[in-house]
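First the structure, in the form of structure tokens, and then the observations on it.
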Amino acid sequence: MRIFDPHIHMTSRTTDDYQAMYDAGVRALVEPSFWLGQPRTSPASFFDYFDALLGWEPFRAAQYGIAHHCTIALNPKEANDPRCAPVLDALPRYLVKDSVVAVGEIGYDSMTPAEDTALAAQLQLAADHGLPALVHTPHRDKLAGLRRTLDVVRESHLPPERVLLDHLNETTVKEATDSGAWLGFSIYPDTKMDEDRMVAILKAYGTERVLVNSAADWGKSDPLKTRKVGDAMLAAGFSDDDVDQVLWRNPVAFYGLSGRLPLDLPTPGALHEGNSILRGGE
């Protein structure tokens, strides 16, 4: 089973997670930029973080046989902090980088006017740079948030078929499907979706345009949830081809819209005195 996790925050995970993911079949992933659990106090902290997504994390992932890509954006939660607003002006210099495969995560957290402005501006940046967009639907008032998101998408220059609506569930899947956008589902131990609910949605709506992710971060999450969904699909009677479509071909097709999705890896160099991660060097 080959797996592409289309939304996982490896900055918050350990190298043991990389090894376990590889052993479970993960060979590629996308790491969206997000907030870090406490407020950033200046744009400079975003830029250091973006640089790590472009440099350190791809290097770290390659040591474990996994191709790492990222999405870059001002996330919805921090779009409400005026100290972070200059990040929007700096995004174009990051969106031209080869390993950036979408603008994201963008969308709504609390559905404020500041979030409206940031979402519209970043959808325009996606259109300007020929990139798709990864859109975070809010965890509260989810259906209202989806409808507000779709209104902004329809008013933008980015067509819905270049938008991935993430964190969907049973209350939002019908309207998201009808919109023509791609459908993202986050599988968690306790919150969001679980494997059995995901299988039920796949039975009802099919496997087209569906992406399943672990969205694993520093909270209670599980970077192997993608594999567990694949196993649950097989147990429920889905074919190997169905599983491959959901866990590999669909994320490749969506992020391939960026025109920059190499899935081959550089050959890792020798380790230094048995260290699990290479350090320093040119």
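The values are calculated or read from the model by the stated rules, or taken from the named source; none is laboratory data. Predicted, not measured: the structure shown is a model, and the values here were computed from it. Using ideal geometry, Cβ is built from the backbone for each residue, glycine included, and neighbour counts are taken over all protein chains shown.
Tabulated data
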quantity	calculated
Residue in the stretch 194-215 that is out of contact with any Pro (no Cβ under 7 Å at 6 or more places or on another chain), assigned to a helix (DSSP H, G or I) and surrounded by 22 or more Cβ atoms within 10 Å (Cβ to Cβ) present	yes
Residue check, L91 hydrophobic (A, V, I, L, M, F, W, C), more than 19 Å from L36 (Cβ to Cβ) and either at pLDDT 95 or above or under 19 Å from the mean Cα position of the chain (by Cα) (or both)	no
Top-ranked residue of the stretch 139-175 - restricted to ones that are touching a Ser or Thr at 6+ places or on another chain (Cβ under 8 Å) and in a helix (DSSP H, G or I), ranked as modelled with the lowest pLDDT	K142
Any hit, the stretch 58-75, residues being surrounded by fewer than 20 Cβ atoms within 10 Å (Cβ to Cβ) and at pLDDT 95 or above	no
Matching residues in the stretch 95-109 - criterion: being surrounded by 22 or more Cβ atoms within 10 Å (Cβ to Cβ) and outside any strand (DSSP E or B)	Y108
The stretch 120-176, residues that are on the phi > 0 side of the Ramachandran plot and not charged (D, E, K, R)	G130, H167
Candidates P58, P39, P92, filtered to the one that is part of a loop (DSSP other than H, G, I, E, B) and without any contact (Cβ under 8 Å) to a residue 60 or more places away in the chain	P39
Cross-chain or 6+ apart pairs with Cβ under 8 Å, the stretch 230-244 first and in a helix (DSSP H, G or I), then among the small types (G, A, S)	G230/G25; V243/G230
The stretch 131-182, subset of a type in the set (D, E) and closer than 15 Å to A120 by Cβ, residue surrounded by the fewest Cβ atoms within 10 Å (Cβ to Cβ)	E155
Residue in the stretch 1-31 that is farthest from D217 (Cα to Cα), counting only those that are in a helix (DSSP H, G or I) and of a type in the set (S, T, Y)	Y22
Residue match in the stretch 229-243 (condition: at pLDDT below 90 and under 16 Å from V26 (Cα atoms))	no
Residues of the stretch 245-258 satisfying the condition of being aliphatic (A, V, I, L, M) and either within 15 Å of A67 (Cβ to Cβ) or outside any helix (DSSP H, G or I) (or both)	L247, V252
Complete set of residues in the stretch 179-204 that are free of Cβ contacts under 8 Å to residues at least 60 places away in the same chain and under 17 Å from E161 (Cα atoms)	S179, G180, A181, L183, F185
Residue ID - farthest from A73 (Cα to Cα), chosen from residues in the stretch 25-53 that are under 19 Å from the mean Cα position of the chain (by Cα), of a type in the set (G, A, S) and surrounded by fewer than 21 Cβ atoms within 10 Å (Cβ to Cβ)	G25
Residue that is nearest to V101 (Cα to Cα), among those in the stretch 238-261 that are under 17 Å from the mean Cα position of the chain (by Cα) and charged (D, E, K, R)	R260
